[in-house]
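For reference, the structure discussed in these notes is given below.
The values are calculated or read from the model by the stated rules, or taken from the named source; none is laboratory data. Because the structure is predicted, anything quoted here is derived from the model rather than measured. Quick reminder, even Gly has a Cβ in these numbers, built from the backbone with ideal geometry, and neighbours come from all protein chains shown.
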Amino acid sequence: MNPIGVFDSGVGGLTVLRALRAAMPDENFIYLGDTARLPYGTKSAETVVRYSLQCAAALIRRRIRCLVVACNTASASALDALRAHHPTLPVIGVIEPGAEAAVAASASQHIAVIATEGTVAGGAYQTAIHRLNPAARVTSRACSLFVSMAEEGWTQGPIAEAVARRYLNPIFGDPISGDPILQSGEAPDTLVLGCTHFPALAESIRAVLPPQVTIVDSAATTAAAVLRQLRGAGARDGAGARDGAATRDGAVSYADRTDPAASGAVYWLATDGAARFARVGSTFLGETLRAEAVEIIDL
């Protein structure tokens, strides 16, 4: 069976891959981390589009049947371009599923979104949520330090909870002291983890939130969206091979590198630093990655 392609600027998208594998354990995957050019969040939209198209082309040459954009910045800036360039291939980002789940989960329709500075400034989640419910109220906050903490493995314990409290108490109040920062009834009842790094800190984030707040994990909601897409569209093996990028000279088949009869396999690609990719990525994936299993490619 042809694989599902997943790409991110680095290792954060492995939280999405982890959710995809849990939802579809028999599927094969190719994961590409563009580690040579991360982070995407500091780049212009035009550059993010160019990088995303290059990542997609590398995966399509390996005959993927679906493309998952496991990066909030790329989903915000490049999803339309990816779909326009590859109209026969299902292309799914992380923002739309997260926004849909948040609107469905929120009783008050006051939704908080935490993400990187670039994602918050671009307003992608606000736009997606308001597209679904124009009356929804969205409170956003950039929590950029969470990215570094996740990559260092500081995801639980007093330090992680202290940082989470510093970021979130101004939005939700302090559940320990019972002294809300906002007036009663104004706090959001739903929190979207709008960065693929953030699910790694979910336990610490949960610890500092009022118990009634629902956490929406964009990784899990994206996996559910991919499953619906593949089942609903009846995606066929080789969908990517119909795309022009997949039939160029020198195209590499997934089957050339992996047992085509295997199921549940993952093939690893990165653009720099196999050892770091494996070391940091193990935290996000929840299992040990080996540096020698990572192929370094040029885009």
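Which of the residues belonging to segment 72-88 are of a type in the set (Ser, Thr, Tyr) and either crowded, with 24+ Cβ neighbours inside 10 Å or over 24 Å from Tyr267 (Cβ atoms) (or both)? Listed by number, the residues that qualify are Thr73, Ser75, Ser77. Segment 1-85 holds helices (runs of 4 or more DSSP H) entirely within its bounds, and those carrying 1 or more residues that are assigned by TED's automatic domain parsing to the domain that holds Leu285, free of Cβ contacts under 8 Å to residues at least 40 places away in the same chain and more than 18 Å from Pro97 (Cα to Cα) map to 45-60, 72-85.
Condition check: surrounded by fewer than 24 Cβ atoms within 10 Å (Cβ to Cβ) and touching a strand residue (DSSP E or B) at 6+ places or on another chain (Cβ under 6 Å). Does Ser44 satisfy that?
When the stated conditions are applied, Ser44 does not pass them.
Per the listing Val103, Val113, the residue uniquely in the same structural domain as Val163 (by TED's automatic domain parsing), within 18 Å of Ala187 (Cβ to Cβ) and assigned to a helix (DSSP H, G or I) is Val103.
Just a yes or no: is a residue in segment 77-87 closer than 20 Å to Ile297 by Cβ and of a type in the set (Asp, Glu)? Don't jump to the end; show me each part of the working.
Kept after step one, since they are closer than 20 Å to Ile297 by Cβ, are these residues of segment 77-87: 78, 82, 85-86.
Pick out the ones that are also of a type in the set (Asp, Glu) and you get none.
So far as segment 77-87 goes, no, none of its residues is closer than 20 Å to Ile297 by Cβ and of a type in the set (Asp, Glu).
Counting the residues of segment 287-299 that are assigned to a loop (DSSP other than H, G, I, E, B) and surrounded by fewer than 13 Cβ atoms within 10 Å (Cβ to Cβ) gives 4.
Yes/no matrix, rows are residues, columns are (1) over 20 Å from Asp217 (Cβ atoms); (2) buried (at least 19 other Cβ atoms within 10 Å of the Cβ); (3) touching a Lys or Arg at 6+ places or on another chain (Cβ under 9 Å):
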{"position": "Asp8", "(1), (2), (3)": "no, yes, no"}
{"position": "Val11", "(1), (2), (3)": "no, yes, yes"}
{"position": "Ala23", "(1), (2), (3)": "no, no, no"}
{"position": "Phe29", "(1), (2), (3)": "no, yes, yes"}
{"position": "Leu32", "(1), (2), (3)": "yes, yes, no"}
{"position": "Thr35", "(1), (2), (3)": "yes, yes, yes"}
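Only a single criterion out of (1) touching a Leu at 6+ places or on another chain (Cβ under 7 Å); (2) buried (at least 20 other Cβ atoms within 10 Å of the Cβ); (3) without any contact (Cβ under 8 Å) to a residue 40 or more places away in the chain; (4) closer than 21 Å to Pro39 by Cβ is not satisfied by Val91, namely (4). Among the residues of segment 31-39, is any closer than 18 Å to Ser282 by Cα and of a type in the set (D, E, K, R)? Yes, some residue in segment 31-39 is closer than 18 Å to Ser282 by Cα and of a type in the set (D, E, K, R).
Looking across Val49, Val16, Val69, one residue alone is on the phi < 0 side of the Ramachandran plot, touching a helix residue (DSSP H, G or I) at 6+ places or on another chain (Cβ under 6 Å), of a type in the set (Val, Ile, Thr) and surrounded by fewer than 20 Cβ atoms within 10 Å (Cβ to Cβ). It is Val49.
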